[in-house]
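A short worksheet on the structure shown next.
Derivation of every value follows stated rules applied to the coordinates shown; laboratory data play no part. For clarity, every value in this text was computed on a predicted model and none was experimentally measured. Heads up, the Cβs are rebuilt from the backbone with ideal geometry, glycines too, and the neighbour counts pull from every protein chain shown.
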C-alpha cells in the first residue's frame, strides 16, 4: 500500500515542476522596471529576487521529496518481490 503512495507522489512531481516552471517564466516576464502601471509587474529587484528564490526552493523541495520517494518505492518493491519469490518457492 505504501509503495503505491510513493509512486503516486512520483507521478505528481512532473506536473508540479511544469507549473512552477510556468510561474518562474511569469516572474521573468513580469520584471518590468519602465512600466509601473502594469499591475502584475514586479517593479523592484528585491521583489524579483525574493520570488525567484521562492520558486527555486520549491524546485529543491520537489527534488528532495522525489529522491526520498524513489528510495522508499524501490525498497518496498524489492521487499514485495522477495515475498512473492518466497511464496512461489514455498519457503
Simple spin-label estimate for residue 50 and residue 19 in nanometres, 7 Å along Cα-Cβ: 2.3 nm
Inter-probe distance in nm under a simple model that places probes 7 Å from Cα toward Cβ, at residue 59 and residue 74: 2.3 nm
Label-point separation, residue 10 to residue 82 (7 Å along Cα→Cβ), nm: 1.9 nm
Residue 67-residue 28 FRET efficiency (beta carbon distance; Förster radius 30 Å; 0.05 resolution): 0.65
